[in-house]
Amino acid sequence: MTDRTLPNTPEKPYYERHIFFCLNERKNGEDCCAHHQAQAGFDRCKQLVRQAQRSGPGQVRVNKAGCLDRCAAGPVAVVYPEGVWYTYVDASDIDDIVNQHLIGGKVVERLLVPPHLGH
């Protein structure tokens, strides 16, 4: 087996921050993020980032994701590169994630997913 190293990473990442929203819908009727207005949260986030003119390379990317395996905390979203997991219940929560974290760089403590909550 040979050692493999990662290629040189650029000084500045392609996106400053990248947020993934779980939009998974379980067909067997089990609870899932799709049953908790995850699509509405994704749509609002995308809209706010665009309105703030913070969308695109070097800025913020808002992405859909399949199951992120944190169903017990749903709906969930995760922000990289920090690896910060959020839950949210309404538009004002999304507003706070966008304004405070994605744009302002500060974690929204009240919306953090407890570390023990998983599937």
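Each value in this text was obtained by applying a stated rule to the coordinates, not by laboratory testing. These numbers come from a predicted model, not from an experiment. Positions of Cβ are generated from backbone atoms using ideal geometry, with glycine treated the same way; all protein chains shown enter the neighbour counts.
Here are a few things to note about the model shown:
- Residue satisfying condition, being within 10 Å of residue 45 (Cβ to Cβ), among the β-branched types (Val, Ile, Thr), in contact with a Lys or Arg (Cβ under 8 Å, 6 or more places away or on another chain) and in contact (Cβ under 8 Å) with a residue 24 or more places away in the chain, within set 60, 76: 60
- Condition met for residue 19 (among the hydrophobic types (A, V, I, L, M, F, W, C), in contact with a strand residue (DSSP E or B) (Cβ under 9 Å, 6 or more places away or on another chain) and either part of a helix (DSSP H, G or I) or surrounded by fewer than 19 Cβ atoms within 10 Å (Cβ to Cβ) (or both)): no
- One residue from 80, 86 being farther than 20 Å from residue 56 by Cβ and under 11 Å from the mean Cα position of the chain (by Cα): 86
- Tally of residues being surrounded by fewer than 17 Cβ atoms within 10 Å (Cβ to Cβ), assigned to a helix (DSSP H, G or I) and either in contact with a helix residue (DSSP H, G or I) (Cβ under 7 Å, 6 or more places away or on another chain) or not polar (S, T, N, Q) (or both) across region 47-71: 1
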